[in-house]
Every structure is written in C-alpha cells, then in structure tokens.
Amino acid sequence: MPDVLTRFCNWTNANRKLVWLAVFVLAVAVLAIVLTPVFLIAPFKGQTPRTMQFSFVMRRWSPLLTLIVSALLLAFSVGLWRGGRWWSRAFLVILLLPVFAATWMARQNHFEWMFNPLPNPAYAKSSEASFVDNDDRVLAVTIGGESVAYPIRIMAYHHLVQDTVGGTPIVATY
Amino acid sequence: MWESTVDGRVLHFRLAGINNQNFIMRDEETGTWWQQVSGKAVNGPLKGKQLKRVFHDELSFAIWRGEAPNGRVLRPDEKIAAANDYAPADWEARVGKMRVVEGTDVDQRLAPRTLVLGLEVDGKSKAYPLQALRNQSPIMDMIGSTPIMLLLGHDKRSVRAFDRRVDGRRLEFFEQIGEHTMLHLVDGETNSTWNFEGKATSGLLAGKQLQKIFVLEDYWFDWRIYHPDTAVYDIGPR
C-alpha cells in the first residue's frame with residue numbers, strides 16, 4: 001500500500017502544479033454546486049422555471065458529486081502533503097475544509113432547520129384542544145365521516161403534515 | 001391539501017424549497033419537487049403529474065368545533081411551542097406587511113398582498129377580494145355558466161362557496177338578520193332556511209345540501225401566478 005501511494009505521489013514539479021490546479025478547480029466547483037441552489041431558491045427572491053430546474057439538478061446530484069470530489073481531493077492532498085512546505089500544507093487545509101463543509105451541506109435540508117418537520121403528529125379531541133383559541137383558524141377536512149382540524153398557526157410553521165383521514169393518506173399543506 | 005397517492009404509490013413529503021414565496025415539497029420516494037399551492041410536480045421524475053386535491057375549508061376553530069364535535073385537532077409540538085416558534089395570534093397581520101418580489105409586467109388589478117378568495121369552476125378562475133365579501137355577504141355570481149354563492153360565516157372571517165342550484169333550480173340567498181348566534185340564510189324562491197354548511201334546515205327544501213366549491217384563500221400575487229387568466233370580482237356601480 002505505501003508503495004502504491006509513493007508511486008501515485010511521485011509527481012514531477014510540472015505535474016505537481018497541474019495537481020494543484022485540479023484541486024483548486026474541483027474545490028471551487030463543489031462549492032458552487034452546493035451554494036448556488038441555496039441562493040437561487042432563497043425566500044423573497046423571484047424564481048423562474050429555469051432557476052428551479054437548475055436548483056433541482058444541483059440539489060439532486062450534489063450529494064454524490066461532493067462525495068466523489070472529496071475522495072479525489074483527499075487522494076491528491078496526500079500527495080501534495082508529502083514533500084509540501086508548511087504553507088502549501090496550510091493552504092491545502094484551508095481549501096479542504098470548505099469542501100468537507102459543502103459535502104456535509106449537500107446532505108442537509110436547510111429549510112428544515114428553519115421549520116422543523118413534525119414526523120409523528122399527535123392529535124387531541126376537539127373538546128380537549130385547549131391549545132387553540134376560538135378565533136384561531138384551522139384547515140378543516142372531512143373524509144369518510146372523519147373530521148380533522150389543522151390549526152393554521154401550527155401549519156404556518158411546519159407547512160406540511162402527513163395524515164390518514166377516513167382511510168385516505170393525505171398531506172395537509174399550508 | 002392533497003392526497004399522497006400517485007399512481008398507486010403513497011408518497012411521503014418533506015419541505016424542500018421555495019418558489020416565488022410558495023413552498024416546494026420533495027417526496028422521499030422519487031425525489032420529485034412539488035409545488036404546494038398547485039399540487040403539480042415541477043421538477044424531477046414525476047414532473048407534470050398532478051396531486052389530487054382534498055377538499056377542505058378554512059374555518060375559525062369555534063365554527064369547526066360546532067360542526068365537527070367528534071373531530072380531532074393537530075397538537076402543537078411541545079418543544080417548538082415552548083420555544084415560542086409557532087406563529088403568533090396576529091401572524092396574519094404581520095405576513096400581510098411582508099414584501100413581495102415581483103417582475104415589472106405583473107397584473108396590477110389588485111395590490112400584491114390583497115387577500116383573495118380564489119374559485120375555479122368549469123376551468124374558469126375568479127378572485128374575490130375578502131374585503132368585498134366582508135362588505136356584502138352573501139355574494140351571488142356566475143362563473144362561466146355556473147351560478148355560485150360566496151358566504152361569510154358569522155365570525156366574519158370563515159368563508160364558503162357553493163353551487164346555488166338545487167334540483168336544477170337556481171336560488172338566490174339572503175342573510176336573515178336577527179337574534180341568531182349562527183348564520184341564517186333564506187332563499188328567495190322557497191323561503192327555506194339554510195346554514196353555513198349549505199344545508200337547508202327548514203322549509204320546503206329542508207334536508208337539501210348545496211354542493212360545496214373549493215375556495216383557495218391566497219394573496220393576489222400568488223393567485224395570479226397560478227391563474228394568469230383569472231377574472232377579478234368587481235362590485236360595480238351600486
């Protein structure tokens with residue numbers, strides 16, 4: 001194994017520069033792929049079908065791409081670390097940290113940081129729902145004789161709640 | 001509110017983004033992005049599919065409890081409630097003041113944050129400013145060839161819409177002012193009385209139920225994005 005690594009890292013000076021360039025380009029590309037959709041689909045911004053499509057493709061592929069690039073960069077870095085001066089090593093770390101952060105970010109749903117989901121919603125009988133005021137508004141649904149109310153003050157936070165009403169699986173949204 | 005089943009498969013949705021201030025949900029099964037307000041798949045493998053709408057009302061809790069005494073109510077999450085993260089009681093007034101991002105070529109018939117009651121009947125859509133209904137309820141109108149009625153509840157906030165034909169007969173309704181705590185409607189043709197659920201409670205038509213029409217309460221800027229050909233209700237000269 002060390003033998004393989006040594007051979008892999010046995011770059012000429014010219015190749016070393018190329019590897020540095022590749023590392024730099026990959027790092028920038030990965031950051032762009034992860035951060036662009038965050039900006040494109042930010043609240044209080046106008047979106048078009050095109051920006052939505054862009055964002056969708058980037059969000060869909062970024063978990064895989066960031067992983068591949070992280071692995072590649074790690075391999076390159078081992079080579080650059082060996083025989084690198086302290087400043088080039090420091091630069092490597094500065095470059096790799098945001099790439100790892102982006103790799104993690106690609107697996108996060110930052111919209112759920114703001115609005116935590118409600119994976120196991122609980123319900124109260126209408127006579128015991130002291131947490132709702134008379135004037136509070138609710139989304140009200142009746143299917144097959146079963147009636148459910150989703151208070152809008154709760155829905156305006158979670159935005160969506162999955163339920164089964166009268167045997168029908170639904171998603172209540174607001 | 002939507003049925004979760006698409007082509008025989010039950011999907012599970014998560015919050016995934018925002019598109020012109022209306023949220024995007026993503027299903028965990030296929031990764032498709034769905035627009036909340038329209039139920040349409042906008043990106044991904046199921047693009048073009050349409051979720052089936054579940055009929056629902058927006059009511060004040062008191063009215064709902066009166067109509068559905070055996071119903072169940074979604075509980076708040078204790079942690080989120082304790083952190084005071086749920087919308088405050090006056091959230092509606094706050095959201096009404098938030099800004100709207102718009103292009104230049106937008107439909108200016110109403111101010112962007114005007115609350116409208118959006119109806120779709122026979123492929124035609126029409127927006128009624130909530131204030132118009134507050135000024136005059138019920139509203140009798142036609143959408144295409146369908147005679148409709150928009151009705152404000154006794155809380156002056158809850159809204160329902162109906163097809164106002166019964167057995168082929170077109171009815172005109174009036175609100176009966178009196179000492180009632182609940183809303184009392186009377187039709188001009190048979191003098192039967194009707195309640196907020198669209199059900200005749202006494203008179204010749206007792207027991208009849210008007211067909212409900214789905215009302216989407218929305219901001220004007222959002223409604224017109226998804227209904228570019230919408231008409232707007234105009235009270236006109238009186």
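Here are the numbers for the structure shown:
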| quantity | calculated |
| --- | --- |
| 25 Å Cα-Cα reach of B:Lys40 towards lysines, excluding residues that sit fewer than 8 places from it in its own chain | A:Lys45, B:Lys49, B:Lys52, B:Lys124, B:Lys126, B:Lys212 |
| Cα shape, the range A:126-173, gyration tensor, a/c 1.5 rule | oblate |
| Per-residue ³J(HN,Hα) for the range A:131-143, Karplus 6.51 cos²θ - 1.76 cosθ + 1.60, θ = phi - 60°, Hz, x for Gly and Pro | 7, 10, 8, 4, 7, 5, 9, 10, 8, 10, 10, 10, 10 |
| Residues B:Phe174 and B:Asp7, FRET efficiency given R0 of 41 Å [Cβ-Cβ distance, rounded to 0.05] | 0.30 |
| Full-stretch length increase - B:Ile80, B:Val106 - with 0.36 nm per residue and alpha-carbon distance subtracted | 5.6 nm |
| Charge dipole (the range B:1-149, unit charges on Cβ, about Cα centre) - positive-most of B:His56, B:Leu11, B:Leu46 | B:Leu46 |
| Candidate aspartates and glutamates for bridging to B:Lys199, where Cα separation is under 17 Å - those fewer than 8 sequence places away on the same chain excluded | B:Asp57, B:Glu67, B:Asp163, B:Asp167, B:Glu172, B:Glu175, B:Asp187, B:Glu189 |
| Cα principal axis extents for the protein assembly as shown, largest first, Å | 98, 48, 40 |
| Kirkwood estimate for the range B:161-223, i.e. one over the average of 1/r between Cα atoms, Å | 12.7 Å |
| Virtual spin-label span in nm between B:Ser145 and A:Arg50, 7 Å along Cα→Cβ | 4.3 nm |
| Among A:Trp20, A:Trp87, A:Trp104, residue whose mean-square fluctuation peaks in a GNM of chain A (springs only between Cα atoms under 10 Å) | A:Trp87 |
| Phi-based couplings in Hz for the range A:110-124 (Karplus 6.51, -1.76, 1.60; Gly and Pro marked x) | 5, 5, 7, 5, 6, 10, 4, x, 10, x, 10, x, 10, 10, 10 |
| Added length on full extension, which subtracts the Cα-Cα distance from 0.36 nm per residue, B:Glu28 to B:Asn195 | 55.9 nm |
| All aspartates and glutamates inside 18 Å of B:Lys79 as judged from Cα atoms, apart from same-chain residues fewer than 8 positions distant | A:Glu112 |
| Rounded to the nearest 20 debye, dipole of chain B from Cβ charges on Lys, Arg, Asp, Glu | 160 debye |
| Estimated [θ] at 222 nm from DSSP helical runs (n ≥ 4, -39500 (n - 2.57)) normalised by residues in chain A, nearest 500 | -19000 deg cm²/dmol |
| Dmax and Rg, reported as Rg then Dmax, of chain A (C-alpha, Å) | 25.2, 79 |
| Dimensions (Å) - chain B, Cα atoms, principal axes, largest first | 54, 45, 40 |
| Stretchable slack from A:Arg16 to A:Lys125, in nm (0.36 nm times residue separation minus alpha-carbon distance) | 32.3 nm |
| Vicinal HN-Hα couplings computed from phi for the range A:20-36 (Karplus, 6.51 cos²θ - 1.76 cosθ + 1.60; Hz; Gly/Pro x) | 4, 4, 4, 4, 5, 4, 4, 4, 5, 4, 5, 5, 5, 5, 7, 7, 4 |
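We did not get these values from a lab; they are worked out from the coordinates using the rules stated. These numbers come from a predicted model, not from an experiment. Counting neighbours? That spans all protein chains shown, and the Cβs are built from the backbone with ideal geometry, glycine included.
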